[in-house]
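J.: Sharing a structure here in structure tokens format.
The numbers here are math on the coordinates, done by the rules we state, and not lab data. Note that this is a predicted model, so its numbers are computed, not measured. Positions of Cβ are generated from backbone atoms using ideal geometry, with glycine treated the same way; all protein chains shown enter the neighbour counts.
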Amino acid sequence: MKNKYTFITSVIIVLLFIGTIIGIFVFYKLPKVTPEFDYLKNYEDNEYMPAYISEEKMVNLYYKDYLTYVKTNIQKAYDLLNEEYKKKRFPTIDSFKSFIIPFENFTPESYAVELKDEKKVFYIKLTDGNEIIFSTTGVMIYEVYFDEITVNIE
């Protein structure tokens, strides 16, 4: 009788051990739900998740975008200048080219942001002391100035 109880107890212990191993294996194979993946859900039609972009990131984004035009498409960089400013300061593209080429070697040092009417104006001071100004009316819709003296930014 004692051997019978020992055998049954041994079988139960072995089954519990095997069940525990299988349970641990299944637990680790299940997908983990963590807060970092909360954004992965089924969105309804026209539902969106707003993203906040800091002014510092916007400054760098505008500057890098414009610098890309200066390096790859100088005509587009010239066209992004405010029309009135362009006529007074850089009447020809050659005068613009001689002015803008050194800008490729500088980076933003500091910036300021100002709201003017319906525009957001980014003043960026470069490491060489020059300034570049982006007057924005929407995301990535901007006009470029290099000073406020030639033309008043409205």
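J.: Going by how many other Cβ atoms sit within 10 Å of their own, how do MET58, MET140 line up, fewest first?
T.: Ranking MET58, MET140 by Cβ neighbours within 10 Å, fewest first, gives MET140, MET58.
J.: Report, in deg cm²/dmol and to the nearest 500, the calculated mean residue ellipticity at 222 nm for the chain, where each DSSP H run with n ≥ 4 adds -39500 (n - 2.57) and the sum is divided by the residue count.
T.: -14000 deg cm²/dmol
J.: Another one. Note down the net charge around TYR123, summing +1 for each Lys or Arg and -1 for each Asp or Glu among other residues with Cβ under 9 Å from its Cβ.
T.: Cβ neighbours under 9 Å give a net charge of -2.
J.: Calculated from the structure, Cα extents along the principal axes in Å equals which of (1) 56, 34, 28; (2) 45, 41, 33; (3) 109, 35, 25?
T.: (3)
J.: Past the 19 Å Cα-Cα mark, which pairs from LYS64/LYS125; LYS76/LYS97; LYS64/LYS116; LYS71/LYS97; LYS57/LYS125?
T.: Check vs 19 Å cut-off fails for LYS64/LYS116.
J.: Return a whole-number percent for the relative contact order of region 115-154, with Cα pairs under 8 Å and 6 or more residues apart as the contact set.
T.: 32
J.: Put +1 on the Cβ of every Lys and Arg and -1 on every Asp and Glu Cβ in the chain; which of ILE21, VAL11, VAL144 then has its Cα farthest towards the positive end of the dipole?
T.: Farthest towards the positive pole: VAL11.
J.: Under unit Cβ charges (Lys, Arg +1; Asp, Glu -1), what dipole magnitude, rounded to 20 debye, does region 55-145 have relative to its Cα centre?
T.: For this selection, approximately 220 debye.
J.: Please rank ILE124, ILE149, ILE74, ILE101, fewest neighbouring Cβ atoms within 10 Å first, as an exposure proxy.
T.: ILE149, ILE101, ILE74, ILE124
J.: At a threshold of 8 angstrom on Cα-Cα distance, excluding pairs fewer than six apart, so keeping six or more, what relative contact order does region 55-145 reach in percent?
T.: 24
J.: Quick one: if the Förster radius is 22 Å, what FRET efficiency do GLU109 and SER54 give, using the C-beta to C-beta distance and rounding to 0.05?
T.: Efficiency, rounded to the nearest 0.05: 0.80.
J.: Longest segment of the chain with no chymotrypsin sites (Phe, Trp or Tyr not before Pro) in a DSSP loop having at most 13 other Cβ atoms within 10 Å?
T.: Looking at the chain, 53-154 is the longest stretch - no exposed chymotrypsin sites (Phe, Trp or Tyr not before Pro) with at most 13 other Cβ atoms within 10 Å.
J.: Tally Lys and Arg at +1 and Asp and Glu at -1 over the other residues with C-beta under 15 Å from the C-beta of GLU143: what net charge comes out?
T.: -3
J.: Can you tell me the 0 to 90 degree angle between the C-alpha axis of helix 2-29 and the longest principal axis of the chain, rounded to 10?
T.: Long axis of 2-29 versus the principal axis of the chain: about 10 degrees.
J.: What relative contact order, as a whole-number percentage, does the chain give when Cα pairs under 8 Å and 6 or more residues apart are counted?
T.: That works out to 15 percent.
J.: Loop-only GluC sites (Glu not before Pro) in region 72-122, please: DSSP not H, G, I, E or B, and at most 12 other Cβ atoms within 10 Å.
T.: Sites meeting the loop and neighbour criteria: GLU118.
J.: With +1 on the Cβ of every Lys and Arg and -1 on the Cβ of every Asp and Glu, and nothing else charged, how large is the dipole of the chain about its Cα centre, in debye rounded to the nearest 20?
T.: 1280
J.: Which angle between 0 and 90 degrees, to the nearest 10, do you get for helix 55-72 versus the longest principal axis of the chain when only C-alpha atoms count?
T.: Value to nearest ten degrees: 60.
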